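Taking it in order: structure first as structure tokens, then the write-up.
The values are calculated or read from the model by the stated rules, or taken from the named source; none is laboratory data. All values derive from a computational prediction rather than experimental measurement. Virtual Cβ from ideal backbone geometry, glycine too; neighbours counted across all protein chains shown. The area values use the complete protein model at the heavy-atom level, side chains included, leaving out ligands, DNA and RNA. Shrake-Rupley method; radii C 1.70, N 1.55, O 1.52, S 1.80 Å.
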Amino acid sequence: VFPPIRIGNLYYGDGSLRNTAPLSASIQLGAEKLFVVAVRKEQEEVKEYNYQSSVKPTLGRVLSVILNGVLLDAFETDFERVNRMNKTINYIESEKLKEVDLVHIDLFSLKPSEDIGDFAKTQFEKLPDSIKYLMRGLGSPNEASELVSYLLFEPEYCGYLVNMGYKDTLAKKDEILDFLLR
């Protein structure tokens, strides 16, 4: 969807489609503490698997699920993998730990309090006309709300996300400070 950008003599594109271990680069560079701002609400994963309808899913719904799987599931899987590794490390004696070259990684994930797709579907009419035309061919805005959320860069939508992030950060202020200061 987004064109490659030239930096120097090389072109770069969004690599998240191939990034199956998004936390790995930071860890490989020596990070021992990771603060991650997520884009999927905690319960959304459960909602997605419990999605039941007697109506056949539209192409928009299918594409939304695929995009979420490709872009969001990798983060959640990697986050879980690091948490499991941390638990495993707790069982290894400190002298042996140096031999296996493992380090505990402190993790914190700030997740949105609301489903981003729910608000995105209310903003469907603010998409550029060409995108609206294509999206209507994929199904209803309700069925393609997650897909819309990837394409919507309108000021009202972005402002809504910034405000939600601000409120969510304030709501977790004590936890965030505890994580950052320990």
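Each peptide in 97-103, 137-143 receives the mean, over its residues, of other Cβ atoms within 10 Å, and ordering these scores from highest gives 137-143, 97-103. Spatially, the stretch 53-90 and the stretch 100-151 are offset by 13 Å when compared through their Cα centroids. When the solvent-accessible area of the stretch 110-163 is split by element, carbon and sulfur atoms take up 61 percent of it, the probe being 1.4 Å. With the whole protein complex present, Ser145 retains an accessible surface near 10 Å², based on a 1.4 Å probe.
Counting heavy atoms of the protein chains alone, Phe124 has an accessible area of about 10 Å² for a 1.4 Å probe.
Measuring nothing but how far apart in sequence close Cα pairs (under 8 Å, 6+ apart) lie, relative to its length, the stretch 96-164 scores a relative contact order of 37 percent.
With R₀ set to 35 Å, the beta-carbon distance separating Val100 from Asp129 gives a calculated FRET efficiency near 0.05. Taking Val82, Val62 and ordering them by how much accessible surface each has at a 1.4 Å probe, largest first, produces Val62, Val82. Estimated from helices alone, the mean residue ellipticity of the chain at 222 nm is -15500 deg cm²/dmol (sum of -39500 (n - 2.57) over DSSP H runs with n ≥ 4, per residue).
Any idea what log10 I(q)/I(0) is at q = 0.09, 0.15 Å⁻¹ for the chain, Debye with uniform C-alpha scatterers and no solvent? Log10 of I(q)/I(0), two decimals: -0.44, -1.06. Computed extension length for Phe153-Leu177: 5.6 nm, one decimal, from 0.36 nm per residue of separation with the Cα-Cα distance subtracted. Over the chain, accessible surface divided per residue gives 69 Å², non-protein components excluded, 1.4 Å probe. Only lysine pairs 8 or more places apart or on separate chains count here, and in the chain those with Cα atoms under 20 Å apart total 21.
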